[in-house]
Each structure stands twice: as structure tokens, then as C-alpha cells.
Amino acid sequence: EKDIYLAKGYSLNDRVGTSYLEKQYEDYLKGTKAIYETINSHELKLVSEGARGNDIVLTIDIELQQQLEQILNEEILATKSQPNTEYYNRSYAIITDPTTGEILAMAGRQAISDGNGGYKTVDCTSGILTSPMTSGSVVKGASMLVGYNTGAITPGEYMIDECVKIAGTPQKCSWKTLGRINDIDALALSSNVYQFKTPMRVAGANYQYNMPLVINENAFDIYRNTFKEFGLGVKTGIDLPVESVGTTSDNKAPGLLLDFVMGQYDTYTPIQLMQYVSTIANGGNRLAPHLLKEVHASTDGEELGELIYTYGTNLLNTVTTEAAYLNRVKEGFHAVMTKSYGLGKNYIDAKYDPSGKTGTSQSFTDTDGDHVIDTPTVSTAFIGYAPTTSPKMAITVTSPDSSWENPNNSYATLVTRRISSRASSAYFNLYPLE
């Protein structure tokens, strides 16, 4: 980047921001050099004083940020003493205002050896932008919307939750046989089968048990296009210079379409999941998440100088759907958190009237450092917002490889739930509902 900076008037020995906020906002943060005129070979005349760079004000609430980091530290270290966590070492969490895109707190912490047989944590916040994972059932809201938009299902429609089987592949089932359920309970109970049967219709398949499944492959594009409208599979537009779009594949085997709709095929970063749930929370507007709030001119004292720039809400797109369909998804997310049988109970205290979705995905990890994945694990995620009717905050928590499939012990840690519960309570303790 040397030539770029030289063209802007920098010298080769000037310091510049090289990463994240300092790189993103170098133009605001850089100072101006003093300018001198050469009078003769021994004398210089000051033409203009130098000055330090402008001050930037962030959207981060420092008290909430510090509490979130502490919660992650405590929960990650406590989790490492639980069964089946040999391959777990990190979690990520983000809290935003879903109506503006402002990031109020974001943190990632990773457990490493302390050299004495225990663990300590180090910062890994950059993984929020760069570490995608299979996110599991949190994506089912977007999947359900595709079903409504294409006419494959109608709001309130009932289906039988029973294992499905494609010839030559294992059965695909929900976590238990759920029987006759409608779309709301399919979200509340996280039915896989309701999702499986919907894309079969979207893809024009004639499903018969244990027979080959023939699909129209453009169903993958139909689903991915809607997912992208929520921020899944595209860059979120966050005001930082580094961001992953996650991973995808060109393989369009029929069974993979069924994996896709339950969050078990493409991968997404925590910041993408945050944009997705915020888009649902605010009624369908995909807003760019941002850390910059204001830029002020520098002063000689501690006070802020003249306001130079205010970051406005950046609307990237609006989801293409009928309001009734999106409201149906929101009703399902509310049921996840508030119904007696909803799988999201206790992720956010019920007194805050939350909505959200849990996710559990099969994943894999490299246990011996040879760059080959060799052990099946379970990763967990949660997305949510509160209050439901006028959301003040949205939260995303992910815990890659939080457990592994131990044949002798089925214990699975609830670290994602504990982090979400404590972090959301921390927010509402700072900002009580009226």
C-alpha cells in the first residue's frame, strides 16, 4: 500500500493504522504535519502548526463491553471443567441496537493453557468477523420465509414430523418425533422434518420414502438469494477492513438442500448471524452494523471538539416478502422463547418479552494439528432480541465445538445459553425497560 499512502502525502517513515478501526478510519485519525519554509541553509520559518488527528467516538458502551468480556471469561473457564469439552475453547458474543445497526458490545475470548495445568483466556474478538461455522437451526426463520414466499407452505399449515429417507442415505429426523405440528410449533420445537418437507416442495420433488429424490437445482439459488437479503452469505458492510463471507459449495445433491435449510451446509460468521436476527427484529431492513458513532475535531484538553461527522443508519436492502410472512416468522421466534415447550427458554429472561432461535449443528475439528478434521463435534448458537414488540437490543452468541459426540457420555454443555442469559441481563440492568 506504499504508493497509495505516498500519493496522499505521507512520508515513508510515517506511522499509519494497520488494522481494524485504526486502518478503517486512518483518514480521520491522522494528524497534520507542521510546515516550514526554508529561509536559508541554516534557518526555517514556521508556516503552519502541526496538529494531532481527530477524535472518533464509538458506538461501544464501555461498561457493557467490560461486563460482556468478564462474562465470557468466567463462562469459558467454567465450561472447560465440564465433561466433553476437550475440543471447546472459545465463544463469541455481540449485542447491538437492531434499529440502527450500532454495535454496543462485541467480544470473543479463547481459553489457552496457563502452563500450570489450567486455563487462561485471551482475546479473539476478530473471529466475530472471520470465523464462520455451521450455525444450525438459527437459520430456520429465513428457511421458513422461503416456503411462504414460494407458496410451498402457507401460514398455519400442519405437517407430520416423521423421519425422511432418500435412497442410499441415512434417515434424516428431528431431535425427536414431533408428530402433527404447524409452522409456529415447527420453530418453537425446532423441527427438522418440517424444514425438509418444505424445500422438497420448493424444488418440485416427488418424495417417497427410501426412493431417489430428484430436485430442481435452482432451489439452492432461491434459498441462498433470500438468505443473502438477511446478510447470510454476503458481507455485512461493517465498518472494518476485514470480513469473511463464510463458506459455500457448488455441490447441489438433493440431500444437501435439506441440510442447507437447517443450517448444516453453508457456514456463517457471528456478525452475519447478528445482521440476520436484527433484520428480523426491525421488520425486514438489513442495516450495516457499525462501530463509528461520531468524529470530532481535536482539542488541547479532554473535552470533545467540534462535531465533524455523524454515522447515519445505513440501509443496505429490505427483505423481499409480505409483511404477514415476516410477522409469522417473528411469531415463531416469540414462541421459541415464551412457550412452555419452546427450546429457547432461559436464554433471555422472560420478563423482557424476548424472541429468538437456538441452533445446534454437527461440526468437526482437527484434534492432532495435521490440518485434517478428524473428530465430530457439536457447535451451538443463539440469536435473539427483546422486547419483541419494540426491540431495544439484539444478541448473538456462538460456541464452536462446544461438545463432542462421546459414545460413553452424552453430556452437552449449555455455555451458549449461560452467556446469552447473563449478557442480556447485563444489558437490561444498564438500560431498564420503562
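The values are calculated or read from the model by the stated rules, or taken from the named source; none is laboratory data. Remember, predicted model here, so these are calculated numbers, not experimental data. FYI the Cβ positions are ideal-geometry reconstructions off the backbone, even for glycines, and counts take in every protein chain you see. Please note that ligands, DNA and RNA were not included when accessible areas were found on the heavy atoms of the full protein model with its side chains. Shrake-Rupley method; radii C 1.70, N 1.55, O 1.52, S 1.80 Å.
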If the Cβ limit is 9 Å and pairs must be 6+ apart or interchain, which residue in segment 359-377 that is farther than 29 Å from Ile395 by Cβ pairs with which residue that is part of a loop (DSSP other than H, G, I, E, B) and among the aromatic types (Phe, Trp, Tyr)? Thr367/Tyr87; Thr375/Tyr87
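Taking segment 3-29 as the search range and keeping residues that are in contact with a Leu (Cβ under 7 Å, 6 or more places away or on another chain) and part of a helix (DSSP H, G or I), which one is least open to solvent (accessible area, probe 1.4 Å)?
Taking segment 3-29 and keeping what is in contact with a Leu (Cβ under 7 Å, 6 or more places away or on another chain), we get 17, 20-22, 24-25.
From the residues that got through so far, the ones that are part of a helix (DSSP H, G or I) too are 20-22, 24.
Working: Tyr20: 85, Leu21: 42, Glu22: 119, Gln24: 72 Å².
Here the answer is Leu21.
So if I check each of Tyr148, Tyr158, which one is surrounded by fewer than 18 Cβ atoms within 10 Å (Cβ to Cβ), over 19 Å from the mean Cα position of the chain (by Cα) and modelled with pLDDT of 95 or more? Walk me through it before giving the result.
On the way: Tyr148 fails: surrounded by fewer than 18 Cβ atoms within 10 Å (Cβ to Cβ).
Matching residue, one of Tyr148, Tyr158: Tyr158.
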Going through Ile383, Ile348 one at a time, which residue ends up being in contact (Cβ under 8 Å) with a residue 60 or more places away in the chain and not in a strand (DSSP E or B)? Ile348
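In segment 53-92, which residue that is among the aliphatic types (A, V, I, L, M) and open to solvent by 30 Å² or more (accessible area, probe 1.4 Å) is farthest from Ser403 (Cα to Cα)?
Ranking the candidates gives Ile56 first.
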Identify, from the list Lys33, Lys45, the residue that is surrounded by fewer than 17 Cβ atoms within 10 Å (Cβ to Cβ), of a type outside the set (Gly, Ala, Ser) and out of contact with any strand residue (DSSP E or B) (no Cβ under 7 Å at 6 or more places or on another chain). Lys33
Neighbours by Cβ (under 7 Å, 6+ apart or cross-chain): first from segment 308-332, in a loop (DSSP other than H, G, I, E, B); second of a type in the set (S, T, N, Q): Thr313/Thr100; Val319/Thr279; Thr321/Asn149
Go through segment 116-131 and report how many residues are in contact (Cβ under 8 Å) with a residue 60 or more places away in the chain, in contact with a helix residue (DSSP H, G or I) (Cβ under 6 Å, 6 or more places away or on another chain) and open to solvent by 20 Å² or more (accessible area, probe 1.4 Å). 0
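Give the residue, chosen from Ile112, Ile95, that is part of a strand (DSSP E or B), open to solvent by less than 50 Å² (accessible area, probe 1.4 Å) and either under 19 Å from Thr267 (Cβ atoms) or among the β-branched types (Val, Ile, Thr) (or both). Lay out the reasoning, then the answer.
Numbers: Ile112 fails: open to solvent by less than 50 Å² (accessible area, probe 1.4 Å).
Answer to the check: Ile95.
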